[in-house]
Amino acid sequence: MNAAHDPAADLAIRMARAAFNRALATGDLAAIGAILAPDAVLIAGTDSALIVGRKAQVQAWKREFAASPRTVYTRTPQTITISAAAPVALEQGQWTGVAAPGGDPVASGTYSAKWRKTGAHWVIEGELYLTLA
């Protein structure tokens, strides 16, 4: 396996994930879009819905934010593997969905996210979710 020890990349991805979590909590569509690659792909955890492209994902989040009651999703990275062969990384962790504001958990599971460094920033190219509860 070609993995690089790159603490700066690990920290940058964790900070980008934290910013994404804040954007989900506050409904900040512009901030969400800024962290997604133009052709980002998301495969949902329960129904395996495929959402392709930044625009499509921002629209999906816009609909999600309008739902009542609203669910707030949080991703918690457990491992980040940085490639030594290309400017890419794989994040793996746990996700939860909680009824807002501050309600009970409504869903949870595991996820993987592929990141790519473009210029000075890391962006999400793909995410795969598995609903476990």
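The values are calculated or read from the model by the stated rules, or taken from the named source; none is laboratory data. All values reported here derive from a predicted model rather than from experimental measurement. All Cβ positions, glycine included, derive from the backbone under ideal geometry; neighbour counts span all protein chains shown.
Give the residues of the range 61-85 that are of a type in the set (A, V, I, L, M, F, W, C) and without any contact (Cβ under 8 Å) to a residue 12 or more places away in the chain, sorted by residue number.
66, 67
Does the range 10-18 contain at least one residue that is at pLDDT 95 or above, surrounded by fewer than 18 Cβ atoms within 10 Å (Cβ to Cβ) and β-branched (Val, Ile, Thr)?
No, there is no match, as no residue in the range 10-18 is at pLDDT 95 or above, surrounded by fewer than 18 Cβ atoms within 10 Å (Cβ to Cβ) and β-branched (Val, Ile, Thr).
If I go through the range 69-115 residue by residue, how many of them are more than 18 Å from residue 46 (Cβ to Cβ), of a type in the set (Val, Ile, Thr) and either in contact with a Gly (Cβ under 7 Å, 6 or more places away or on another chain) or surrounded by 13 or more Cβ atoms within 10 Å (Cβ to Cβ) (or both)?
Counting residues in the range 69-115 that are more than 18 Å from residue 46 (Cβ to Cβ), of a type in the set (Val, Ile, Thr) and either in contact with a Gly (Cβ under 7 Å, 6 or more places away or on another chain) or surrounded by 13 or more Cβ atoms within 10 Å (Cβ to Cβ) (or both) gives 5.
Name every residue in the range 110-133 that is in a strand (DSSP E or B) and over 21 Å from residue 15 (Cα atoms), in order of residue number.
130, 131
Hey, can you tell me all the residues within the range 19-47 that are loosely packed, with under 13 Cβ neighbours inside 10 Å and at pLDDT below 95?
46, 47
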